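The values are calculated or read from the model by the stated rules, or taken from the named source; none is laboratory data. Quick caveat: nothing in here was measured; it's all calculated off a predicted structure. No Cβ is skipped: glycine too gets one built from the backbone with ideal geometry, and neighbour counts run over all protein chains shown. Ligands, DNA and RNA are excluded from the accessible area calculation, which covers all protein heavy atoms including side chains. Shrake-Rupley method; radii C 1.70, N 1.55, O 1.52, S 1.80 Å.
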Amino acid sequence: MKERLEALRKEALEQLQGVADAAVLNDLRVQYLGKKGQLTEILRGMGSLSAEERPVIGQVGNDVRAAIEAVIAEKQEGFDRAATAHRLQAETIDVTLPGKAVSMGSVHPLTKVTQEIEDIFIGMGYTVAEGPEVETDFFNFEALNLPKNHPARDMQDSFYITDEILLRTQTSPVQIRTMKAMNGKTPVKVICPGRVYRRDDDDATHSFMFHQIEGLVIGPNIRMSDLKGTLLQFVQEMYGPQMQIRLRPSFFPFTEPSAEVDVTCAQCGGSGCRMCKHTGWIEILGCGMVHPKVLEHGGYDPAEVTGFAFGMGVERIALLKYGIDDIRHFYANDTKFLSQFAKM
Ligand code: DAH
């Protein structure tokens, strides 16, 4: 029996030597040391031994078991270590790789300029009013002293939806809406930003949709000098204190007298260049004293109050401010263009 045990030890240790993975190791453990394994099988014969032989063989049996167990444990530890090393290798994170950049959006330059203009006028005590982009012929034209068949309607080719409804061609209808909402009260002091639509062919300076900001002030004794002072203040806050304005007589049906306002050319500082066609001035807005008929349409008595109004194109103000040469950049949604304004 002792020989059989020694033979088993030899065979088991040889077998275990070459084992290369944990599953085979476990199979061998069961095969040699399991409840129905070979060692148990041999030791089952102990019953037929003499009382003197039994402890001796028992001792040998224990030694064989211990020897096999020791080799299995050592092998197992090796496998565990290799598995851990493998996992660490597989899960390695290369902290030197570049990260995924999250790109930040930025405020659109037209929004930015609109907010700047709003801030300047809010600083002068104005409030901001809005009106609908789908407007009635009455508010867009009639109430602004542009009756049907008035030749000045040709200046603003319109998108009509029905005979009486159109996409507003200007923010001026918000003047009438504001006056009606004020119900004859003074002072009225609002600016009205928003989109307007005209049947123009798009090019570097025209777009079928663009943005305007309207201004309206009504009260007792509002004079043209108030208008001029207000616009000078606005221009100097917007473009710099060195800027000047000049008013040229003009015509708008809703104002009398009417003027167009030029500002010092920012490009050349007034000395004359290509941008200002060598005049030193750039036109930025239309304005005038509110026409008595417009006051009446808004529910005011022209004998008691007067007012001034102005309207400017936001795109034009932005083009001049940032030196942009084509209005279409504003609508193309090209992030290369837009991102330039993120840090301004
Ligand atoms: N609504 C005019 C336009 O779109 C701009 C304008 C001119 C507005 C004079 C005014 C104004 O309020 O007084 O061409």
Checking R81 against (1) away from the ligand (no atom under 16 Å from the Cβ); (2) assigned by TED's automatic domain parsing to the domain that holds G307, the condition it does not meet: (2)
The range 144-165 residues that are under 11 Å from P253 (Cβ atoms), paired with ones that are open to solvent by 80 Å² or more (accessible area, probe 1.4 Å) (beta carbon under 6 Å, 6 or more apart): N145/K293
Of the criteria (1) in contact with a helix residue (DSSP H, G or I) (Cβ under 8 Å, 6 or more places away or on another chain); (2) in a loop (DSSP other than H, G, I, E, B); (3) within 30 Å of E304 (Cβ to Cβ); (4) among the hydrophobic types (A, V, I, L, M, F, W, C), which one I222 fails: (1)
Lone qualifier among R223, R168, R195 - being open to solvent by 50 Å² or more (accessible area, probe 1.4 Å), in contact with a strand residue (DSSP E or B) (Cβ under 8 Å, 6 or more places away or on another chain) and either without any contact (Cβ under 8 Å) to a residue 40 or more places away in the chain or within 22 Å of I245 (Cα to Cα) (or both): R223
Checklist (1) modelled with pLDDT of 90 or more; (2) more than 30 Å from S339 (Cβ to Cβ); (3) open to solvent by 70 Å² or more (accessible area, probe 1.4 Å) applied to E53, failing item: (1)
Residue among V174, V190, V128 that alone is within 25 Å of H297 (Cβ to Cβ), more than 13 Å from the ligand (Cβ to nearest atom), of a type in the set (A, V, I, L, M) and touching a residue at least 12 places away in the same chain (Cβ under 8 Å): V128
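For (1) surrounded by 14 or more Cβ atoms within 10 Å (Cβ to Cβ); (2) aromatic (F, W, Y); (3) closer than 16 Å to M275 by Cα, each residue gets a yes or a no:
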residue: G298; (1), (2), (3): yes, no, no
residue: A303; (1), (2), (3): no, no, no
residue: I317; (1), (2), (3): yes, no, yes
residue: Y322; (1), (2), (3): yes, yes, yes
residue: D326; (1), (2), (3): no, no, yes
residue: H329; (1), (2), (3): yes, no, no
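Residue check: is M238 away from the ligand (no atom under 13 Å from the Cβ), touching a residue at least 60 places away in the same chain (Cβ under 8 Å) and either of a type in the set (S, T, N, Q) or surrounded by 15 or more Cβ atoms within 10 Å (Cβ to Cβ) (or both)?
So M238 passes the test.
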Where G105 falls short, out of the listed (1) surrounded by 10 or more Cβ atoms within 10 Å (Cβ to Cβ); (2) modelled with pLDDT of 85 or more: (1)
Helices (runs of 4 or more DSSP H) (entirely within the range 107-197) containing at least 2 residues that are among the acidic types (D, E) and within 32 Å of the chain's Cα centre (by Cα): 109-123
D157 being of a type in the set (D, E, K, R) and open to solvent by 50 Å² or more (accessible area, probe 1.4 Å): yes
Condition check for G313: within 19 Å of F208 (Cα to Cα), open to solvent by less than 30 Å² (accessible area, probe 1.4 Å) and more than 22 Å from the chain's Cα centre (by Cα): yes
Yes/no for N149 being over 20 Å from V314 (Cβ atoms) and either open to solvent by less than 70 Å² (accessible area, probe 1.4 Å) or touching a Ser or Thr at 6+ places or on another chain (Cβ under 8 Å) (or both): no
